[in-house]
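Below is one structure, written out as structure tokens, with a few remarks after it.
The values are calculated or read from the model by the stated rules, or taken from the named source; none is laboratory data. This structure is a prediction, so every number in the text was calculated from the model and none was measured. All Cβ positions, glycine included, derive from the backbone under ideal geometry; neighbour counts span all protein chains shown. When the accessible area is computed, the model is the full protein with side chains, heavy atoms only, and any ligands, DNA or RNA have been set aside. Shrake-Rupley method; radii C 1.70, N 1.55, O 1.52, S 1.80 Å.
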Amino acid sequence: MGAVKPTAVIVGAGPNGLTAAARLAVDGWRVDVRERSSSVGGAAATQQLEGGALRDLGAACHPFGAASPAFHALRLEDYGVRWLRAPFEMAHPLEGTSALLEGSLEATAAGLGGDGRAWTRLHRPVVDSIDGILTDVLAPMPRWPRHPVALARFGARGVLPAATLGHAVFRTEEARALFAGSATHAITSPSRPLTGAFGLLFGALGMTRGWPVAEGGSGAITAALRRLVEEHGGVVRCGEEVRELPEADAVILNLTPSQVLAIDGASLPTRRRRSMRRWRYGPAVHKVDFVLDAPVPWADPRVGQAATVHVGGRVDEIVSAERAVANGIMPERPFVMAAQQYAADPSRGLVLWTYAHVPHGYRERYPGEVAEKIERQIERFAPGFSHVVRQRIEASPAALEAWNPNVVGGDIAGGAMDGAQLLMRQPHRLRKGLYLASASTAPGAGVHGMPGWWAAEAALRDFG
């Protein structure tokens with residue numbers, strides 16, 4: 001008879017918790033997943049609206065999901081995940097013009113006119129080495145890189161603020177805005193150091209792996225992970241909130257630091273407890289889904305063929321808005337992330353997914369304040385947008401946290417993504433038998449499952 005495998009309790013059935021559970025279940029561990037909500041999903045959940053349209057409650061487009069080594073290793077496509085891409089990966093509208101990220105470096109550069117050669121020179125080293133760079137940037141930190149030359153070339157450019165790098169390299173506002181918009185996925189101003197890395201990486205992903213959506217909604221990703229766990233004997237329990245540390249050989253927490261500290265019996269080492277108390281949460285998002293009677297009437301029709309749209313105007317406008325948010329001020333023209341999943345997956349129905357960057361825990365001055373600002377921002381580049389809106393479904397920072405406690409104060413990144421916290425996230429191994437698998441660990445936020453994968457790997461090392 002074979003040796004009895006260890007037991008694991010995973011707290012939280014979001015993409016990271018379920019990835020950890022799947023990794024251990026495949027290895028033969030006895031796995032028990034506990035989720036406080038009535039269904040799995042966390043940051044990757046989908047709701048069906050009256051009439052059949054689908055809206056993603058959390059993440060919408062998945063450049064890192066399609067590129068995830070964890071998802072590839074677990075073969076999620078065999079469990080129903082199908083990645084779909086729109087004609088354009090991303091669009092950035094401007095007054096009178098727009099910039100487009102296409103599925104190849106050559107096509108994107110061709111659309112940028114006089115900045116095409118500069119765009120190619122900046123991105124070619126990252127595009128050509130994307131596999132090696134992903135291996136290193138999606139790994140725990142600190143760790144000696146497996147591809148040091150490629151990572152060094154990437155880091156030499158990426159250490160600069162995206163706004164600075166863009167102004168130095170490009171002459172046109174289109175190329176600068178396209179680059180800075182991608183960098184703002186860091187949920188901080190592109191004038192901050194290291195944001196150049198976000199611009200380079202998100203751009204290179206779009207031009208190699210794409211910025212796809214999951215067919216049928218982001219919930220298809222976590223549904224596939226659940227099927228994989230259960231196929232290998234694991235148990236997934238919904239409606240069970242964990243308030244104290246469960247008994248098991250390994251406990252993996254898909255939680256952020258403030259929640260870990262609140263669990264009775266965590267018995268963390270003093271140094272780790274101190275680090276978690278100092279953990280900073282960053283700016284928030286205010287989410288608005290627009291149910292439409294017709295597609296968004298963008299002034300440039302090509303923007304309507306992009307799965308992701310960055311609505312923020314010129315680079316100086318984005319910098320100003322993000323600085324205001326960091327200082328606790330709600331900008332009049334916030335940076336808006338929009339997703340037109342229907343451009344890639346028409347079965348979704350006409351729902352425009354959006355969120356605006358807002359101060360941490362922001363409370364509106366009056367009901368509908370942020371939704372109105374989002375709508376006005378879109379209207380700038382899509383005249384008549386308000387006339388195609390049938391319904392607005394809003395989620396403030398407080399509402400997002402009530403739905404998913406990992407979204408502390410509306411921070412979807414599990415903690416501020418700037419300064420030391422960008423490079424030094426919380427460790428996956430808190431001590432033997434206790435592990436962390438959330439966006440607060442490396443490589444950070446996103447529906448890619450890597451924090452869960454690395455937490456499971458740490459448990460596997462501890463228990464042979």
Taking a straight Cα-to-Cα line shorter than 26 Å from Lys5, and setting aside same-chain lysines fewer than 8 residues away, one finds Lys432
Would you mind pulling out the separation of the Cα centroids of the range 255-308 and the range 92-123, in Å? 29 Å
Please give, to one decimal in nm, the separation of the simple spin-label points placed at Glu240 and Arg82, each 7 Å out from Cα toward the Cβ. 3.4 nm
Which value, in debye to the nearest 20, gives the size of the charge dipole of the range 275-367 about its Cα centre, when Lys and Arg are +1 and Asp and Glu are -1 at the Cβ? 560 debye
How long is the range 329-464 along each principal axis, judged by its Cα atoms, biggest number first, in Å? 61, 38, 26
Rounded tilt (10° steps) of 450-462 against the dominant C-alpha axis of the chain: 20 degrees
Restricting to Cα atoms and excluding each atom paired with itself, what does the Kirkwood estimate give for the range 180-288 in Å? 18.2 Å
What's the long-distance tail for the chain, i.e. % of Cα pairs beyond 31 Å? 38 percent
Residue-normalised 222 nm signal for the chain, counting each DSSP H run of n ≥ 4 as -39,500 (n - 2.57), nearest 500 deg cm²/dmol, is -10500 deg cm²/dmol
Compute the acute angle (0 to 90°) between the alpha-carbon long axis of helix 219-231 and the principal axis of greatest extent of the alpha-carbon atoms of the chain; round to the nearest 10°. 20 degrees
Computed for the range 176-247: size of charge dipole around the Cα centre, +1 on C-beta of each Lys and Arg, -1 on C-beta of each Asp and Glu, debye to nearest 20, value 520 debye
If every Lys and Arg gets +1 and every Asp and Glu gets -1 at its Cβ, then about the Cα centre the range 1-73 yields a dipole, in debye to the nearest 20, of 220 debye
Packing-wise, with mean Cβ within 10 Å as the measure, how do 237-246, 316-325, 276-285 rank, highest first? 316-325, 276-285, 237-246
With the full set of protein chains in place, find how many percent of the accessible area of the chain is carbon and sulfur; take the probe as 1.4 Å. 51 percent
Calculated FRET value between Arg280 and Lys432, using beta carbons and R₀ = 30 Å, to 0.05: 0.60
Which is farthest toward the positive dipole end of the chain among Pro257, His448, Val388, measuring Cα position about the Cα centre, with Cβ charges +1 (Lys, Arg) and -1 (Asp, Glu)? Pro257
Extreme residue, positive dipole direction of the chain, given options Val137, Gly313, Gly65 (C-beta unit charges): Val137
Any lysines whose Cα falls less than 28 Å from that of Lys287, other than same-chain ones fewer than 8 residues away, would be Lys373
